Structures are given as C-alpha cells and as structure tokens.
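Participant: Starting off with a structure, shown below.
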Amino acid sequence: MRSLSNEYQEDEYWQQGWWKQLREIPYRVEIPLYILSGWYDHHHESTMKTWSRLNPEARKMSWLEIGGWNHGLQPVLQDKKVENIENVEAVKALTWFEMTLKKKQIPEEKIRYYVPGKDCWMEADSWENIRRQEQIFYLDACHRSIHRTPVDLQISSCSYTFDPVDPVPTNGGDCTLASWSKTGSLLQEKPNWREDVISFMSDTLEKDMIINGKIEVELWVKTDCENTAFFASIDEMTPAGKSYHIRTSAATICHELPRGERYIPGTPVKVVADMSDICYALPKGSRIRIDVTSSDFPQYHVHSNQPGNWAQATKNVIAHQTILTGKEYSSFVKIPCLVLNSNASSA
C-alpha cells in the first residue's frame, strides 16, 4: 500500500527497488519475445507498457498478440460471435518454440490483434503507427445525450448522490482478478439504472466504427467534498437496445490538481479518465453509451470522499456530485478509430 508521500509516479518510492527494475527490464531484453495478452486481461495495460519499453533491437524480433479474452484465455465477449478467437495457448507456444528453438529462426516483429464484434484478426507493423482518426463526442447534461458537435448551451448540469456504503457493482470489468465472472464485454443494465449512474446516449452511428487505441473521457465536475472519484465507462448499445461494456476508467479530483493544492468544495474542475488500449467494432446502427458515476466495486477500491490517500481512508462521507457540460464547461470523450485500408490489415 502506498503511503501519503508516495501517491505520484515520480515519487522516490517508485524510482527504486523492484518498481525501478520493472520499468528497466524490458529495455535490457536481448532475445525474441512472444508477448500474449487479452483485451480483458488484468495485466493488459502493463503488457502494452512492456511492449513499448522493449529494447528496439529486441522488438524487431518479437511478437505481440492480443485476443478477446481474460487472463485465463477465456472468451469474455457476451452474445458475440467468437468462432475465430483462437484461444488455445498451447498451440501458440508450440508454434513459437518450434520456430525459435528447433528451427533456430529469428522472428520478425509482428503485432496481431483480435477485433471483438468482427470476429477477425488484424495485423500491424507497429502499434504506435497504426493509422487512427480521433473522433470527439460532446456530452449534453441537459438531454443526457452525446453529440459530434459542441453543445449550444452555455452551461448545463446533472447531479447525483454518491454513498460509499452502497457502491455501483462491477459488471464488465477491464482488470478484475478474483471476480473473473464480472470481467469482459458483458451485457449491462439499462441506462440510468441507478440514481447514482448518469447515462449519456449518442445518435445511431451512420457507418461502421472500429475503436482502436486509448479512449479518453474529459469531464468538468464539482462536489461538496474535499476529494472524490468519478468513473466513466463506454458501452455499445445495439439496435435492439442491449448495452455491452467496452472500457472503464476513473479519476480523482485531487490528483488532477497541481501537486499539493487542495480542492475547494463546489469549485468546477476538469478530470480525465484515460482508458487502456482496446480494439472494438461498433456496427452501423448501434449507439455509443457513456455512464458516469463514482464507484465500480470490486474492480476499484471505493473512494471515501475524504482527502488524503485513497487506500488509507478509514471514514466515509456522502458526496453530492455534479457533471457540467456546455460551452463554458466542455465535457467530451475522445475515441481513436481505425482508418480502414491502412497499414493494419486483416489476418
């Protein structure tokens, strides 16, 4: 558990010992690696960081493969076709060792990833250089909607009450471990299913969209406490009205402020929920749904709404949360989308 003096990545605690070694080891690797992950593997974010930190010479002869599964290679894409998911780990390992150990061949860098919703695989020469186009969707608190253009109103808002004693339960986690049954692109409850869950809906998509990369949600918010958390999740809503989880992330108010600065309750502040890499196909006719709330348990520890280290709090208080949108407080989601017919080709 981090102490109050070690809340930031640049703190001395994280720059020494085991944590320092974890960051440095990938760059020291000099042999070919076969790195296998899944979009809903609780190690996925660390896997992508490891790949990006690999020694460039080692990466030239390594493979990165990302499937539609959890850490145990179990498919977790509810109600989706998974005929081509290829989740047999033994076959992958034997293929790699046959090539590198028996045939003594030096592999060439390869990235291969599964596309949920299309049940196909794609390949790329470099994860960073995949051609993507960022699409921005603006939140409208007045109508609980999402638009491709900025909201006309100068300011609008919606509010809810967050009680840490009654957190929103995880259903479709990105990084759960003990609660594997709640991991993956699972069927969600209906929009606004609790009073502390605010759902924003887009219009129907006019053409297919393949999300590819890191989704980022920027929210203008305020609260009556000295600190609190805001969670944002993005889902696919089908023409039939069913919603399926894509990604979730969170941010705390105090961590968004300059270090050492205290939050003044009632003050509007911007928080950013940056999500781990994902590839996910949204077909024409579906809609984007964004839920904003203040908890996601047990995937995340429940925030106490108190200042100080999140994990060390011993007392809870109730928070009254407000989401702000409009010209003055522009809240939006950035979605990186694959540019089709790019250097990422079907496999």
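All of the numbers you see were taken from the coordinates with simple rules; none came from a lab. This is a predicted model, so every value here is computed, not measured. Here the Cβ is made from the backbone with ideal geometry for all residues, glycine too, and neighbour counts use every protein chain on show.
Participant: Beta carbons within 10 angstrom, averaged per residue: use that to sort the peptides 211-222, 240-251, 49-60, highest first.
Facilitator: Numbers: 211-222: 22.4, 240-251: 20.3, 49-60: 15.2.
The peptides rank, most packed first, as 211-222, 240-251, 49-60.
Participant: To two decimal places, what compactness ratio does segment 267-306 give when its Cα radius of gyration is scaled by 2.2 N^0.38 Å?
Facilitator: Working: Rg = 14.7 Å, N = 40, 2.2 N^0.38 = 8.9 Å.
Here the answer is 1.64, to two decimals.
Participant: Related question: Which semi-axis lengths, in whole Å and largest first, follow from the square roots of five times the eigenvalues of the Cα gyration tensor of the chain? Before the final figure, lay out each step's value.
Facilitator: Values: eigenvalues 247, 131, 65 Å².
Working from the Cα gyration tensor, I get semi-axes of 35, 26, 18 Å.
Participant: What angle do you read, to the nearest 10 degrees and between 0 and 90, between the alpha-carbon axis of helix 44-53 and the longest principal axis of the chain?
Facilitator: That helix lies at roughly 60 degrees to the long axis.
Participant: Continuing with the same structure: Stretch residue 262-residue 15 to full length: gain in nm at 0.36 nm per residue minus the Cα-Cα span? Walk me through the numbers on the way to the answer.
Facilitator: Details: separation 247, 0.36 × 247 = 88.92 nm, distance 2.53 nm.
So the extension gain works out to 86.4 nm.
Participant: Still on this structure, please answer the following. So for segment 157-268, averaging the separation of alpha carbon pairs under 8 Å that are six or more residues apart and normalising by length, what relative contact order in percent results?
Facilitator: Working: 121 pairs, mean separation 28.6, N = 112.
In percent, rounded to a whole number, it is 26.
Participant: Can you bin segment 253-347 into rounded, prolate or oblate? Criterion: square roots of the alpha carbon gyration tensor eigenvalues sorted a ≥ b ≥ c, rounded for a/c under 1.5, prolate for a/b above b/c, oblate for the rest. Write out the running numbers ahead of the final one.
Facilitator: Working: a/c = 2.34, a/b = 1.92, b/c = 1.22.
Judged from the Cα gyration tensor, segment 253-347 comes out prolate (a/c at least 1.5, a/b above b/c).
Participant: Local charge sum around residue 170 (other residues, Cβ-Cβ under 11 Å, Lys/Arg +1, Asp/Glu -1)?
Facilitator: Working: positive: 182; negative: 174, 296.
Local net charge: -1.
Participant: How high is the relative contact order of segment 215-347, given as a whole-number percent (alpha carbon pairs under 8 Å, six or more residues apart)?
Facilitator: Working: 242 pairs, mean separation 49.6, N = 133.
RCO, segment 215-347: 37 percent.
Participant: Still on this model: Can you tell me the length gained on complete extension of the stretch residue 97 to residue 181, counting 0.36 nm per residue apart and subtracting the Cα distance?
Facilitator: Working: separation 84, 0.36 × 84 = 30.24 nm, distance 3.21 nm.
So the chain would gain 27.0 nm between residue 97 and residue 181.
Participant: Which angle between 0 and 90 degrees, to the nearest 10, do you get for helix 17-28 versus the longest principal axis of the chain when only C-alpha atoms count?
Facilitator: 40
Participant: Per-residue ellipticity at 222 nm for the chain, helices alone: DSSP H runs ≥ 4 residues times -39500 (n - 2.57), over residue total, nearest 500 deg cm²/dmol?
Facilitator: Numbers: 5 runs with 39 residues, N = 347.
Value at 222 nm, helices only, nearest 500: -3000 deg cm²/dmol.
Participant: Something else about it: At a threshold of 8 angstrom on Cα-Cα distance, excluding pairs fewer than six apart, so keeping six or more, what relative contact order does segment 1-117 reach in percent? The partial results should precede the final answer.
Facilitator: Details: 151 pairs, mean separation 29.1, N = 117.
Across segment 1-117, relative contact order equals 25 percent.
Participant: Quick query: amide H of residue 337 versus all other amide H atoms, modeled in the peptide plane; which residues come in under 5 Å with a sequence gap of 5 or more or a different chain?
Facilitator: Under 5 Å from the amide H of residue 337: 133, 134, 135, 212.
Participant: Something else: Could you give the nm distance between label points at residue 45 and residue 311, where each point is 7 Å from its Cα heading toward the beta carbon?
Facilitator: Result: 1.3 nm between the two label points.
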